[in-house]
Amino acid sequence: MDEAITALRSVRHFLPNPVPRITIEEVINVARWTGSARNRQPWRFVAVTDPRLRAGLSRLGDYAMLLGRAPLVLVLVSEDNGFADTEFDLGRIAQSVCLAAQDRGLGTCITTFHPDDNVHTAAELLALPPTWLPRHAIALGYTDNENQHSPTAIPVGRLPVEDLLTWVP
């Protein structure tokens, strides 16, 4: 498990190969076991393969551009329930989706639709019920290893444990 977590990377360049429906269903079948507060499971998923719809979603945030390049976009839809822990639960399910996808040879990258106007536009594009909000999406596909390069403006590496952990006696 340690290796799965430490090897997980955000992928922003994908091959055009379609992702089989059964593979996405397997990913969701595994990820659905992710814990949530009071077992509410405040998430649903919308798998988007249509290029025009993916292009529309790619215009809904400064970092959403990659959604237009991925062969599949998995939109995470959360219940607008007023619970403060819903966003935490979404983070948990997003990580589970990414790990399950990685185990099946897929690359992923999580993005957020922002500001709220973009969330509402995404909801309209996806024809969602009014109580469900699409705040996050995951680009999925087979990694284009020939086209992988890290953005230079983003720091690389991880902070050491001693910078992250404080012990209180």
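The numbers here are math on the coordinates, done by the rules we state, and not lab data. This structure is a prediction, so every number in the text was calculated from the model and none was measured. Positions of Cβ are backbone-derived with ideal geometry, glycine not excepted, and every protein chain shown enters the neighbour counts.
Full extension of the chain between Y63 and Q41 gives 5.3 nm of extra length, using 0.36 nm per residue less the Cα-Cα distance. List, in order, the whole-Hz ³J(HN,Hα) value for each residue of the range 108-116 obtained from phi through the Karplus relation with A = 6.51, B = -1.76, C = 1.60 and θ = phi - 60°; use x for Gly and Pro. Computed from phi, the couplings for the range 108-116 are 9, 8, 8, 9, 10, 7, 8, x, 4 Hz.
Annotation for A55 and M1: the two label points, set 7 Å from Cα along the Cα-Cβ direction, are 4.4 nm apart.
Within the range 57-143, report the chymotrypsin sites (Phe, Trp or Tyr not before Pro) that DSSP leaves as loop and that have at most 12 other Cβ atoms within 10 Å. Listed in order of number, the matching sites amount to none. Would you mind calculating the gained length between D144 and D163 on full extension (0.36 nm times residue separation, minus the Cα-Cα distance), in nm to one decimal? The span from D144 to D163 would gain 3.4 nm if fully extended.
Judged by the ratio a/c of the largest to the smallest principal axis of the C-alpha gyration tensor, the range 40-105 counts as oblate, that ratio being 1.5 or greater while a/b is no larger than b/c.
The 3J(HN,Hα) values that the Karplus relation (6.51, -1.76, 1.60; θ = phi - 60°) gives for the range 41-50 are, in residue order, 6, x, 10, 9, 10, 10, 8, 10, 10, 4 Hz. Gly and Pro appear as x.
In the chain, the calculated helix contribution to ellipticity at 222 nm averages -9500 deg cm²/dmol per residue, counting -39,500 (n - 2.57) for every DSSP H run with n ≥ 4.
I'd like the chymotrypsin sites (Phe, Trp or Tyr not before Pro) in the range 14-56 restricted to DSSP loop residues with at most 11 other Cβ atoms within 10 Å, sorted by number. Those satisfying the criteria are W33. Amide H contacts of W132: D80, each under 5 Å away and 5 or more positions distant or on a separate chain (H built 1.01 Å from N in the peptide plane; Pro and chain starts excluded).
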